[in-house]
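The values are calculated or read from the model by the stated rules, or taken from the named source; none is laboratory data. These numbers come from a predicted model, not from an experiment. Backbone-built Cβ (ideal geometry, glycine too); neighbour counts: all protein chains shown.
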Amino acid sequence: MITKEQVKIFNDKISNANSIVLCAHKNPDGDALCSVAALGHLIELNYGKKVVCMYDGNVPDNLDNVPLRRNMQYYSHVNENIDVDVAIVMDYGIKRNIGGSQKFLDKAKFIIEIDHHINDDKVGELCIDDESAAATGEIVYELMQVAKWKSDLMVSTLLMTAIVTDTGCFKYAKNGRVLNVAANLIDEGVNIQRVIDDLANKPRKTVITESLVAGNAEFFYKNKLAIAIIDNKQYKNLDGRGETVLNLLAQIHGLDYIALLKEQKANQIGVSLRGRFKEVEPIAVKLGGGGHKFAAGAVVSDTLDNVKARILELFKEVIK
Ligand SMILES: [Mn+2]
């Protein structure tokens, strides 16, 4: 629940700010990128202020056509000498996920965070967090309602993209609230088929690579754990998180856990963990990451072989 007090602080800080930056986690997904773009636009619409929306890492091709995509600037293209009265960090999870945008947070006079990740080490002075929200975009929608902001179809489309991304087309809706938000967005004119089709739109090499990776997955512990590996060469073909690999493997009968290891570069392994009604967040925390109960991840500085061995060990303790 967003309180009137939180909205009041938000309102005061934004009203008095001359320079506002927004960012989210590195390598933004649909929720991170679209929540930033939507809130940035809402601030421009309702406060008449220009904002700087930035990201670090790569934006997947399937987000190329979301509204206001061109307003998102790569962090190192932003003048590093700008003053930052208010920085808004969204959907970030843990501090190290913020990446290059962190330097703008470091000099911010006030930090607002808006997030739905489990997080005990918050960076914001005003925290509009809700672990029960399925997406950060859902929190933005609620904020918009409580603050009685005016909005437009671009914001609605962005928030739907955020929600569809993080709920895996509503599969991970934690409660009915997110479905009510989506229903309202459709009534406001969002073309949901368009949103979902656009998100599924990937380069051919990506789909081929993801299916090969799924085909080469290994199975452990009476086939309860699948480990799939994307080496550095394949990683260059990848677009986004490799979600298709996870979705394909998740269809296998009897499988409880999936670990996807992505060799982003030598000795830097991105790990995506999924549990089918089994918790994986504690394992992600042990690897230095975090996330959600059944979907979590980490970036580990080690070799592919070592990370794989570590994961096998961690799951051994969990799978009885
Ligand atoms: Mn999210």
Hey, among the residues in the range 129-155 that are of a type in the set (Asp, Glu) and buried (at least 16 other Cβ atoms within 10 Å of the Cβ), which one's nearest to the ligand (Cβ to nearest atom)? Glu138
Gly168 vs (1) on the phi > 0 side of the Ramachandran plot; (2) in contact with a Pro (Cβ under 8 Å, 6 or more places away or on another chain): all pass except (2)
Can you find a residue in the range 119-134 that is in contact with a Lys or Arg (Cβ under 9 Å, 6 or more places away or on another chain), more than 23 Å from Val66 (Cα to Cα) and in a helix (DSSP H, G or I)? no
Please determine whether any residue of the range 150-159 is of a type outside the set (A, V, I, L, M), assigned to a helix (DSSP H, G or I), farther than 21 Å from Glu279 by Cα and not assigned by TED's automatic domain parsing to the domain that holds Asn11. no
For residues that are within 16 Å of the ligand (Cβ to nearest atom) and either small (Gly, Ala, Ser) or at pLDDT below 95 (or both), scanning just the range 35-61, find the one that is nearest to Ile114 (Cα to Cα). Ser35
Reported set for the range 67-94 where residues are of a type in the set (D, E, K, R) and away from the ligand (no atom under 16 Å from the Cβ) is Arg69, Arg70, Glu80, Asp83, Asp85
I'm checking my understanding of the structure. Among residues of the range 104-128 that are within 16 Å of the ligand (Cβ to nearest atom) and surrounded by fewer than 18 Cβ atoms within 10 Å (Cβ to Cβ), which one is nearest to the chain's Cα centre (by Cα)? Ile118
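Could you please let me know if Thr136 is polar (S, T, N, Q) and out of contact with any His (no Cβ under 7 Å at 6 or more places or on another chain)?
no
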Looking at this structure, is Ala182 more than 26 Å from Cys34 (Cα to Cα) and either away from the ligand (no atom under 16 Å from the Cβ) or assigned by TED's automatic domain parsing to the domain that holds Met144 (or both)? no
Those residues that are away from the ligand (no atom under 13 Å from the Cβ) and crowded, with 16+ Cβ neighbours inside 10 Å, I need them from the range 10-25; list them, please. Phe10, Lys13, Ile14, Ala17, Ser19, Ile20, Val21, Leu22, Cys23
